[in-house]
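Accompanying notes for the structure given below.
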Amino acid sequence: MSYKKEIQTLLRKLNVNRTYKGFNYIIYGTQIVIEDPTLLTYICKGLYVEIAMHFNTTITCAERNIRTVKEIIWNRTDKELLYEIFNTFYCPTNAEFIDSLAMYIKNEFNNENY
């Protein structure tokens, strides 16, 4: 099942838009992590490789663009909303960031269907 629309909506609530390459990388990465959470175990050899192959880019570019969007979100978004989604006030690593997004989206989507 694709959560693309829900992830896009959440990223827009977090004050980021399509002008950043990392926007699409995060959407795709979150979708595949929902389906296969083990990709986060070795993020450089798992998730970043999948994103880089899908978007025909390098692993380094995928990591950097995700980090850029994450930092923009952390600097522009209401801290209460960040805490609601990420359950922390500190800026997470890329792996923690995508893991939290995946968990939040999956929980929100499943709660709506009950």
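The values are calculated or read from the model by the stated rules, or taken from the named source; none is laboratory data. All of these numbers come straight from a predicted model, not from anything done at the bench. Counting neighbours? That spans all protein chains shown, and the Cβs are built from the backbone with ideal geometry, glycine included. Areas reflect the complete protein model, heavy atoms only, side chains present, ligands, DNA and RNA absent. Shrake-Rupley method; radii C 1.70, N 1.55, O 1.52, S 1.80 Å.
Just to confirm the filter: which trypsin sites (Lys or Arg not before Pro) across segment 1-73 are DSSP coil and have at most 14 other Cβ within 10 angstrom of their Cβ?
Here the sparse-neighbourhood loop sites are ARG18, LYS45.
Going through segment 38-102, which chymotrypsin sites (Phe, Trp or Tyr not before Pro) have at most 15 other Cβ atoms within 10 Å and a DSSP loop state? Walk me through the numbers on the way to the answer.
On the way: sites: TYR42, TYR48, PHE55, TRP74, TYR83, PHE86, PHE89, TYR90, PHE97; in loops: TYR42, PHE89, TYR90.
Filter output for segment 38-102: TYR42, PHE89, TYR90.
Roughly how far apart, in whole Å, are the Cα centres of segment 72-104 and segment 24-43?
The two parts, judged by their Cα centres, are 16 Å apart.
Roughly what would the spin-label model give for LYS4 and CYS61, points 7 Å off Cα along C-beta, in nm?
2.0 nm
Among ASN94, ASN17, ASN56, which one moves the most in a GNM of the chain with springs linking Cα atoms closer than 10 Å?
Maximum among the listed residues: ASN56.
For segment 1-68, with every protein chain kept in place, what is the accessible area per residue (1.4 Å probe, Å²)?
Per residue, segment 1-68 has an accessible area of 57 Å².
Tell me, what % of the accessible area of the chain is carbon and sulfur with a 1.4 angstrom probe?
The value for the chain is 50 percent carbon and sulfur by accessible area.
How big is the chain on each of its three principal axes, counting only the C-alpha atoms and giving the largest first in Å?
34, 32, 24
Compute, for TYR104, the solvent-accessible surface of its heavy atoms (probe 1.4 Å) with the complete set of protein chains present, and express it in square angstrom to the nearest 10.
40 Å²
Shape call for segment 58-114 from the C-alpha gyration tensor, a ≥ b ≥ c root eigenvalues: rounded (a/c under 1.5), prolate (a/b greater than b/c) or oblate?
Values: a/c = 2.61, a/b = 1.43, b/c = 1.82.
Note, shape of segment 58-114 comes out oblate.
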